[in-house]
1. Output the residues belonging to the stretch B:96-115 that are surrounded by fewer than 18 Cβ atoms within 10 Å (Cβ to Cβ), farther than 14 Å from B:Leu19 by Cα and either in contact with a strand residue (DSSP E or B) (Cβ under 7 Å, 6 or more places away or on another chain) or modelled with pLDDT under 90 (or both).
2. Looking only at the stretch A:37-48, count how many residues are of a type in the set (Gly, Ala, Ser), in contact (Cβ under 8 Å) with a residue 12 or more places away in the chain and surrounded by 12 or more Cβ atoms within 10 Å (Cβ to Cβ).
3. For residues that are part of a loop (DSSP other than H, G, I, E, B) and on the phi < 0 side of the Ramachandran plot, tally how many sit in the stretch B:18-56.
4. Anything in the stretch A:49-81 that is in contact (Cβ under 8 Å) with a residue 40 or more places away in the chain and either under 22 Å from A:His5 (Cβ atoms) or not in a loop (DSSP other than H, G, I, E, B) (or both)? List them, or say none.
5. Mind checking which residues of the stretch B:24-38 are within 19 Å of B:Ala86 (Cβ to Cβ) and out of contact with any helix residue (DSSP H, G or I) (no Cβ under 9 Å at 6 or more places or on another chain)?
6. Identify the single condition in (1) buried (at least 18 other Cβ atoms within 10 Å of the Cβ); (2) facing chain B (nearest Cβ under 9 Å) that A:Ser57 does not satisfy, given that it satisfies every other one.
7. Look at A:Thr102 and say whether it is closer than 20 Å to B:Pro40 by Cβ and of a type in the set (S, T, N, Q).
8. Scan the stretch B:47-58 and tell me whether some residue there is acidic (Asp, Glu) and more than 10 Å from the chain's Cα centre (by Cα).
Amino acid sequence: SQTIHQWPATLVQPVGSPLSLECTVEGTSNPNLYWYRQAAGRGLQLLFYSVGIGQISSEVPQNLSASRPQDRQFILSSKKLLLSDSGFYLCAWSVQAGSGNTIYFGEGSWLTVV
Amino acid sequence: GNSVTQMEGPVTLSEEAFLTINCTYTATGYPSLFWYVQYPGEGLQLLLKATKADDKGSNKGFEATYRKETTSFHLEKGSVQVSDSAVYFCALSGNGYSSASKIIFGSGTRLSIRP
């Protein structure tokens with residue numbers, strides 16, 4: 001069966017420090033991968049998605065970047081965090097192409113920038 | 001472009017009450033429709049889905065019917081429990097075989113059930 005894991009689960013970072021959130025998927029090949037952010041009390045905002053190794057699409061201009069160095073690994077990064085980067089970050093995956101693609105989420109990572 | 005609109009929350013009900021959370025969508029073609037649930041402090045879990053018109057998704061006592069004529073996918077449950085307290089997200093994914101297919105989420109509806 002397929003599983004998705006992301007880490008760390010919780011982190012507190014000072015303004016201006018770097019960020020690296022990692023996500024891995026097991027049990028499937030060539031998945032679509034996604035990073036979402038959920039600000040406190042708000043809905044989901046799609047940040048990045050990837051359809052293959054090295055392929056990244058950015059949905060919104062921001063202080064963050066994403067990379068996909070391996071088929072089932074997706075990394076969210078920042079060189080210098082801002083206070084507004086605080087939130088709940090969710091990694092997700094779905095099968096490639098086809099209709100009815102269910103998206104499966106990781107456990108989420110709470111980021112507090114202080 | 002595709003979009004999802006769901007009713008504003010929070011929704012507060014008493015245990016055993018009937019629940020409806022409205023969701024309407026805008027999309028070209030025949031999207032697939034989903035309801036996800038997020039319990040406090042956790043990621044999102046798929047609750048149910050429907051992939052074509054008139055399909056009914058169901059799980060854990062929740063149901064939603066894909067209504068193309070009204071472009072709706074309302075979530076219902078006949079008798080809610082305190083454990084149903086969570087945030088519910090309606091979502092759609094485009095049809096076809098585009099490798100860039102993405103899933104669009106509504107803004108979420110927070111549900112609180114009183115004992």
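1. Selection gives B:Gly96, B:Tyr97, B:Ser98, B:Ser99, B:Ala100, B:Ser107.
2. Final tally of qualifying residues: 1.
3. Total meeting the criteria: 14.
4. A:Val51, A:Leu64, A:Asp71, A:Arg72, A:Gln73, A:Phe74, A:Ile75, A:Leu76, A:Ser77, A:Ser78
5. Taking the stretch B:24-38 and keeping what is within 19 Å of B:Ala86 (Cβ to Cβ), we get B:33-38.
Correct list: B:Leu33, B:Phe34, B:Trp35, B:Tyr36, B:Gln38.
6. The one condition A:Ser57 does not meet is (1).
7. When the stated conditions are applied, A:Thr102 does not pass them.
8. Here is the first cut: in the stretch B:47-58, the residues acidic (Asp, Glu) are B:54-55.
Keeping just the survivors that are more than 10 Å from the chain's Cα centre (by Cα) gives B:54-55.
Checking the stretch B:47-58: at least one residue is acidic (Asp, Glu) and more than 10 Å from the chain's Cα centre (by Cα).
The values are calculated or read from the model by the stated rules, or taken from the named source; none is laboratory data. Predicted model, so just to flag it, every value in this text is computed and none were measured. For neighbour counting, all protein chains shown are included, and Cβ atoms are generated from backbone atoms with ideal geometry for every residue, glycine included.
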